[in-house]
Amino acid sequence: MSFTTDYNKTTVNLFLEGMDKWDISVDVFHYDCFWQKASHWCDYIFDEVYFPDPGEQLARLKAQGYHISVWLNPYIAQESEIFTEGMTNGYFIQKSDSSIWQTDFWQAGMAIIDFTNPAACEWYQAKLEALIDLGIDCFKEAAKIIIEDQFC
């Protein structure tokens, strides 16, 4: 089950309680894009306004038998808390003039992680491992849309 609109901790809880009440089996709950703060896709951090204690909620859901999935992509919006880190360390795809290649496809100033850079790969992997440590079981990734539209 998943939402693709604005939602929060309470919405998720009520939705899953309703599914249980109606005896509808749910194995995986998927947090789509709005688990992250607006204009911060993808910083891999739960929006603290809507999900003030994601670790607690995820632990409770997992204790109830749910597997947890989150939407993410290997691009970072320039308002994201980790954009400067990626820019400073050269983790993003660059144009021929060495400036960062950016697009406004879904959010302003998105840079795409450069997976030809081993350090960028390690950085990205660390972000995913932190989510796994928090309780995430799997990821839904949709970067193909941007990459095909812009590069192919």
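Calculate how many DSSP beta bridges within the chain are antiparallel, expressed in % of all such bridges and rounded to the nearest 5.
For the chain, the DSSP antiparallel bridge percentage is about 40.
How much solvent-accessible surface does THR10 expose, in Å² to the nearest 10, with a 1.4 Å probe and all protein chains in place?
80
Put one equal scatterer on each alpha carbon of the chain, apply the Debye formula with no solvent term, and list log10 I(q)/I(0) at q = 0.08, 0.17, 0.19, 0.21 1/Å to two decimals.
Ignoring solvent entirely, the Cα scatterers give -0.25, -0.97, -1.15, -1.34.
If you average the sequence gap of Cα pairs under 8 Å that are 6 or more apart and divide by the length of region 9-152, what percent do you get for the contact order?
25
On each of the three principal axes of the Cα atoms of region 5-92, give max minus min coordinate, whole Å, ordered largest first.
That gives 50, 21, 20 Å along the principal axes, largest extent first.
With each run of n ≥ 4 DSSP H residues scored as -39500 (n - 2.57), what mean residue ellipticity at 222 nm is computed for the chain after dividing by its residue count and rounding to the nearest 500 deg cm²/dmol?
Calculated from helices alone, the mean residue ellipticity at 222 nm is -10500 deg cm²/dmol.
How many percent of the accessible area of the chain is carbon or sulfur, using a 1.4 Å probe?
On the chain, the fraction of accessible area on carbon and sulfur atoms equals 52 percent.
Tell me, what is the per residue accessible area of the chain in Å², probe radius 1.4 Å?
Heavy-atom SASA per residue in the chain reads 54 Å².
Can you give the longest stretch of the chain with no exposed loop site, where a site means chymotrypsin sites (Phe, Trp or Tyr not before Pro) in a DSSP loop (not H, G, I, E or B) with at most 14 other C-beta atoms within 10 Å?
Longest site-free region, per DSSP loop and neighbour criteria: 23-104.
Straight-line reach from LYS9: which lysines fall under 24 Å, measuring Cα to Cα and dropping same-chain residues less than 8 apart?
Leaving aside lysines fewer than 8 places away in the same chain, those within reach of LYS9 are LYS21, LYS37, LYS62, LYS127, LYS140.
In what sequence, largest accessible area first, do VAL49, VAL12 appear using a 1.4 Å probe?
Ranked from most to least accessible, the order is VAL49, VAL12.
The values are calculated or read from the model by the stated rules, or taken from the named source; none is laboratory data. What you see is a predicted model; the values in this text were computed from it and never measured. No Cβ is skipped: glycine too gets one built from the backbone with ideal geometry, and neighbour counts run over all protein chains shown. To get the accessible areas, we keep the full protein, side chains included, count just its heavy atoms, and leave off ligands, DNA and RNA. Shrake-Rupley method; radii C 1.70, N 1.55, O 1.52, S 1.80 Å.
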